[in-house]
Amino acid sequence: MPTRRRFKQRLSLQDRLAAWVEQVRDQALRLPPGPKRDALLEKARQADVASHLHDWIESTGLRPPK
């Protein structure tokens, strides 16, 4: 069985998502209005929501039920 290449990420998932969202939004805003632009903006919105959900899940305000 082949071995997997493993490496540690230098940036957190949050940081990578934020950078990707910014990059995709910039790319989408350079496109003319149309389905490709809408698709890129939707992907950026979904990644932004995922980032906010991760923040919410990791918050100290959430406690497991007793």
**OP:** Go through segment 1-18 residue by residue and tally those that are among the small types (Gly, Ala, Ser) and not in a loop (DSSP other than H, G, I, E, B).
**Re:** 1
**OP:** State all residues of segment 4-40 that are among the basic types (Lys, Arg) and more than 30 Å from Glu58 (Cα to Cα); if no residue qualifies, say none.
**Re:** Arg30, Lys36, Arg37
**OP:** Taking the residues in segment 5-46 that are surrounded by 14 or more Cβ atoms within 10 Å (Cβ to Cβ) and basic (Lys, Arg) as candidates, determine which candidate is nearest to the chain's Cα centre (by Cα).
**Re:** Arg16
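Bear in mind these aren't lab numbers, they're just calculated from the coordinates by the rules spelled out. Keep in mind that this is a model prediction, so the values were computed, not measured. Cβ sites come from the backbone with ideal geometry, for glycine too, and all protein chains shown count toward neighbours.
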